[in-house]
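Have a look at the structure below, then the notes.
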Amino acid sequence: MYVPKTASNVKGSVRRAAAFAGVGTLALAAPLLVEGVAALFAALGALALVVDDGPLFELFARPSDRQERRLRGLAAFSFATAGLAMLVMLVDLPVQVFAATVVLLAYGNLTEQVARQRTTSAIGATAAFAVGGFLAATAAQVIVPTLEGVSTVDGPEVVFLAASGALLAALLRSVLFERDDPLVLFSVALLLWLFTSLAVDVTPSEIAIAIAVTVGFGYLSWALDTASVTGMLTGVLLALLTIVLGGYPWFAVLISFFALGGLSTKFRYDQKRENGVAEANEGARGGGNVLGNAAVALVAVLAFAARTHLPVDGGVFLFAFAGSIATAMSDTLSSEIGGVFDDPRLITTLEPVEPGTDGGVTWQGELAGAAGASFVAVIAVALFEAVGVLGGAVVALAGVGGMTVDSLLGATVEGETVGNQTVNFLATLSGAILGAALALLVGLP
């Protein structure tokens, strides 16, 4: 049932968020007795399932809880936190990761609800969540070592972990419901656990510049309507991880796709809308679209960061990364430029098809796609000494090959069961594999 947002409802949301933040703060006691914290949160979860009235119910009840007369939100949050505490005991999840994750979600939600009292802007509320969660996670990573008797902490790593966790949590919260908080908790905890195992090495100036650059880039993409709030968050998270785990040359390759690809979406947008091939939301790309095009690149960056733990030369992951981005760029320009022409042909049969038909290509689009892949190759050659002219050719070929795979998949399997985002993912995966394989074949890594 829809409940109008009145002043009392908003204040009630803030009180409820403050109460959840108070419960989440208990996670900071984990360094003293993690078993006790696990038992405490498990007991709170059990209590929440039996309380159906009174002050406690009124304080913690969400609208859906009132309908069911059970504090399912508090129970889910408490049981999920108890489960994370069990991971600390059983598989050595770092206790600072546990505490930071819990308070990040709790206080991020609080600052978001406070912001909603002052603005109806989606980006304003999302920014408040990210900032509040970031500050809480940073504080937790300072408090926990202090309670453990550690006098110093790695400030840049603390900031990187807090920023990464806050961005991922904000992204997940933008596409999920409040009842999905357990999924957010475990996703953030696992990401931060991965980063602590990689022993990320970053200086104070590097992390400060990385955050400033990526946030500025994200806001610009949102302000220019090239990305939705979800797409903006996804891009910012990917950009931050690419800068810290790969470096600025890797970021330059990534940003070339986001910038040129986003602007190409606006190219003759009205005409593409008439042809039925325009992106929805006035061309603002969502998180699914961004991930579909850049998820493979992110995996390549993570693999590069973990290269000392893998039996593969790190250069292979560079070519996989560049190949996937070249594919994304090639496919995007091919679709956005080719979409303004009225004579597409199906790639498998070369028969004329209607504009917007999956697998339909034009020679103008193919030429634009090849130019896009070549553009990424030129950037890679200019910024990576290990690439060289031969490596640039590898990247360009990988991009064109991945674009061709995208068209073939569109003509054969894309439809009700296989969506566009899945096809984009498979195409960029093909470009990454082709780039890595060609590089190995010619002896580049």
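Table for the structure above
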| item | result |
| --- | --- |
| Condition check for residue 276: buried (at least 18 other Cβ atoms within 10 Å of the Cβ), at pLDDT below 90, farther than 29 Å from residue 159 by Cβ and not acidic (Asp, Glu) | no |
| All positions within segment 215-250 that are under 27 Å from residue 121 (Cα atoms) and part of a loop (DSSP other than H, G, I, E, B) | 224, 225, 226, 228 |
| Verdict on residue 243 being more than 21 Å from residue 173 (Cβ to Cβ) and touching a Pro at 6+ places or on another chain (Cβ under 8 Å) | no |
| Out of 312, 301, sole residue that is farther than 25 Å from residue 225 by Cβ, modelled with pLDDT of 90 or more and hydrophobic (A, V, I, L, M, F, W, C) | 301 |
| Residue that is surrounded by the fewest Cβ atoms within 10 Å (Cβ to Cβ), among those in segment 87-115 that are on the phi < 0 side of the Ramachandran plot and not in a helix (DSSP H, G or I) | 94 |
| Close pairs from segment 420-445: first closer than 25 Å to residue 386 by Cα, partner modelled with pLDDT of 90 or more and surrounded by fewer than 17 Cβ atoms within 10 Å (Cβ to Cβ), Cβ under 8 Å, at least 6 apart | 442/390; 444/388; 444/390 |
| Segment 289-322: number of residues that are crowded, with 24+ Cβ neighbours inside 10 Å, touching a Gly at 6+ places or on another chain (Cβ under 6 Å) and either over 14 Å from residue 391 (Cβ atoms) or free of Cβ contacts under 8 Å to residues at least 60 places away in the same chain (or both) | 2 |
| Any pair with Cβ under 7 angstrom, 6 or more apart, that starts in segment 22-44 at a residue that is on the phi < 0 side of the Ramachandran plot and ends at one that is among the acidic types (Asp, Glu) | 31/148 |
| Residue within segment 58-70 that is exposed (fewer than 14 other Cβ atoms within 10 Å of the Cβ) and aliphatic (A, V, I, L, M) present | no |
| Test: residue in segment 74-85 that is at pLDDT below 95 and over 18 Å from residue 22 (Cα atoms) | no |
| Criterion (part of a helix (DSSP H, G or I), surrounded by 16 or more Cβ atoms within 10 Å (Cβ to Cβ), of a type in the set (A, V, I, L, M) and out of contact with any helix residue (DSSP H, G or I) (no Cβ under 6 Å at 6 or more places or on another chain)) met by exactly one of 393, 368, 436, 382 | 393 |
| Residue in segment 195-204 that is more than 24 Å from residue 123 (Cα to Cα), surrounded by 14 or more Cβ atoms within 10 Å (Cβ to Cβ) and under 17 Å from the mean Cα position of the chain (by Cα) present | yes |
| Residue ID - nearest to residue 95 (Cα to Cα), chosen from residues in segment 142-166 that are more than 18 Å from the chain's Cα centre (by Cα) and either buried (at least 24 other Cβ atoms within 10 Å of the Cβ) or of a type in the set (Val, Ile, Thr) (or both) | 144 |
| Residue 131 vs. criteria part of a helix (DSSP H, G or I), more than 25 Å from residue 175 (Cβ to Cβ) and aliphatic (A, V, I, L, M) | no |
| Residues that are β-branched (Val, Ile, Thr) and in a helix (DSSP H, G or I), drawn from segment 189-214 | 196, 207, 209, 211, 213, 214 |
| Subset of segment 393-407 (residues that are within 28 Å of the chain's Cα centre (by Cα) and either of a type in the set (Gly, Ala, Ser) or farther than 17 Å from residue 444 by Cα (or both)) | 396, 398, 399, 400, 401, 402, 403, 404, 405, 406, 407 |
| Selection status of residue 292, more than 28 Å from the chain's Cα centre (by Cα) and either not in a loop (DSSP other than H, G, I, E, B) or not charged (D, E, K, R) (or both) | no |
| Criterion (out of contact with any Gly (no Cβ under 7 Å at 6 or more places or on another chain), buried (at least 18 other Cβ atoms within 10 Å of the Cβ), closer than 22 Å to residue 292 by Cβ and touching a residue at least 24 places away in the same chain (Cβ under 8 Å)) met by exactly one of 325, 347, 337 | 325 |
| Which numbered condition residue 349 fails, given (1) under 28 Å from the mean Cα position of the chain (by Cα); (2) part of a loop (DSSP other than H, G, I, E, B) | (1) |
| Residue match in segment 62-72 (condition: within 28 Å of residue 234 (Cα to Cα), of a type outside the set (Val, Ile, Thr) and part of a helix (DSSP H, G or I)) | no |
| Boolean, residue 124 is surrounded by 22 or more Cβ atoms within 10 Å (Cβ to Cβ), under 20 Å from the mean Cα position of the chain (by Cα) and not aliphatic (A, V, I, L, M) | no |
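The values are calculated or read from the model by the stated rules, or taken from the named source; none is laboratory data. Remember, predicted model here, so these are calculated numbers, not experimental data. Methodologically, a virtual Cβ is constructed for each residue, glycine included, from the backbone with ideal geometry; neighbour enumeration extends over all protein chains shown.
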